[in-house]
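Enquirer: Below are the structure tokens for one structure; questions will follow.
The values are calculated or read from the model by the stated rules, or taken from the named source; none is laboratory data. Values in this document were obtained by computation on a predicted structure and should not be read as measured data. Neighbour counts run over all protein chains shown; Cβ positions are idealised from the backbone, glycine included.
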Amino acid sequence: MIRELWDQHLLPRAIDVILSDKTTGEWREQVCVQASGDVLEVGFGSGTNLSHYPDAVRRVLAVEPADVAWQRASRPISAFGRPVERIGLDGARIDVPDASVDTVVSAYTMCTIPDLDAALVEFSRVLRPGGRLHFLEHSLSPEPAVAAKQRSWQPRWEKVAGGCHLDRDIPELVRGSRSTVSRRSRCPGRPSCGRWAG
Ligand SMILES: C[S@@+](CC[C@H](N)C(=O)[O-])C[C@H]1O[C@@H](n2cnc3c(N)ncnc32)[C@H](O)[C@@H]1O
């Protein structure tokens with residue numbers, strides 16, 4: 001009961017507040033500005049990325065399991081003014097045809113999808129030739145001392161953070177998949193949290 005209240009009602013609201021700060025907005029901007037055409041956004045949340053998409057984005061197909069987050073997206077969707085459709089609940093099983101989107105976007109979501117390997121295969125499947133995956137994720141730190149802390153916090157962290165993994169090396173997992181990685185960069189000054197653009 002308390003777990004359900006936290007995971008389904010309070011956590012989506014807390015995520016909105018925590019991930020709406022100015023610095024995160026600047027990182028979102030850098031990643032979202034690269035999107036174009038038909039965009040599949042996995043872990044759409046409450047639509048926080050919408051205001052960062054350029055005019056080149058024609059429509060957004062949203063994958064989001066949390067009903068509360070989707071309900072909270074209604075205002076950003078109205079302001080966006082282009083079609084936004086919720087097409088699924090799990091990034092590991094995306095109900096769109098092969099080679100049908102130009103861009104896949106993931107912000108702070110690849111840490112949470114339980115079967116990330118399957119999701120990465122899905123991203124590759126749905127992207128048109130020349131399409132790109134752009135992502136903004138925290139990741140396992142390249143610094144051993146920080147990585148050790150991330151690993152030690154993981155068992156408790158995932159219980160309060162909706163299944164989020166501090167100990168996933170997201171860029172490495174993307175590189176090992178069939179997704180097209182075009183660029184990689186890391187935000188300076190935050191050893192435990194990076195911005196990685198693929
Ligand atoms: C930390 S939040 C980030 C939300 C949003 N992308 C943002 O940047 O504000 C992670 C999101 O992933 C969603 N999520 C959890 N499991 C998922 C799955 N299997 N497939 C797709 N999204 C998932 C959660 O409901 C949540 O909205």
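Let's see how each residue does on (1) hydrophobic (A, V, I, L, M, F, W, C); (2) in contact with a His (Cβ under 9 Å, 6 or more places away or on another chain):
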{"residue": "Q34", "(1), (2)": "no, yes"}
{"residue": "V42", "(1), (2)": "yes, no"}
{"residue": "T48", "(1), (2)": "no, no"}
{"residue": "R59", "(1), (2)": "no, no"}
{"residue": "E64", "(1), (2)": "no, no"}
{"residue": "A69", "(1), (2)": "yes, no"}
{"residue": "R72", "(1), (2)": "no, no"}
{"residue": "I77", "(1), (2)": "yes, no"}
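Enquirer: I'd like to know if region 54-77 contains one or more residues that are in contact with a Phe, Trp or Tyr (Cβ under 9 Å, 6 or more places away or on another chain) and among the hydroxyl-bearing types (S, T, Y).
Expert: no
Enquirer: Right, S124: surrounded by 14 or more Cβ atoms within 10 Å (Cβ to Cβ), within 14 Å of the ligand (Cβ to nearest atom) and of a type in the set (S, T, N, Q) or not?
Expert: No; evaluated as a whole, the condition is false for this residue.
Enquirer: Please go through region 5-35 and pick out each residue that is farther than 22 Å from D55 by Cα, near the ligand (Cβ under 10 Å from one of its atoms) and in contact (Cβ under 8 Å) with a residue 24 or more places away in the chain.
Expert: D7, Q8, L11, P12, I15, D16, L19
Enquirer: For region 91-192, please list each of the helices (runs of 4 or more DSSP H) lying entirely inside it that holds at least 1 residues being of a type outside the set (V, I, T) and modelled with pLDDT of 90 or more.
Expert: 116-126, 144-160
Enquirer: Kindly indicate the residue of region 36-60 that is in a loop (DSSP other than H, G, I, E, B) and within 11 Å of V84 (Cα to Cα) and also farthest from the ligand (Cβ to nearest atom) among those meeting that condition.
Expert: The extreme case among them is G47.
Enquirer: Any chance region 90-104 includes a residue that's in contact (Cβ under 8 Å) with a residue 40 or more places away in the chain and of a type in the set (S, T, N, Q)? Talk me through it step by step, then tell me what you get.
Expert: Filtering region 90-104 for residues in contact (Cβ under 8 Å) with a residue 40 or more places away in the chain gives 91, 94, 96, 100-104.
Those left that are additionally of a type in the set (S, T, N, Q): 100, 103.
Looking for residues that are in contact (Cβ under 8 Å) with a residue 40 or more places away in the chain and of a type in the set (S, T, N, Q), one finds at least one in region 90-104, hence yes.
Enquirer: With the checklist (1) more than 13 Å from the ligand (Cβ to nearest atom); (2) on the phi > 0 side of the Ramachandran plot; (3) not basic (K, R) in hand, flag the one item S74 doesn't pass.
Expert: S74 satisfies all of (1) more than 13 Å from the ligand (Cβ to nearest atom); (2) on the phi > 0 side of the Ramachandran plot; (3) not basic (K, R) except (2).
Enquirer: Go through E85, E64 for me and flag whichever is within 22 Å of T112 (Cβ to Cβ), modelled with pLDDT of 95 or more and away from the ligand (no atom under 12 Å from the Cβ).
Expert: Among E85, E64, only E85 is within 22 Å of T112 (Cβ to Cβ), modelled with pLDDT of 95 or more and away from the ligand (no atom under 12 Å from the Cβ).
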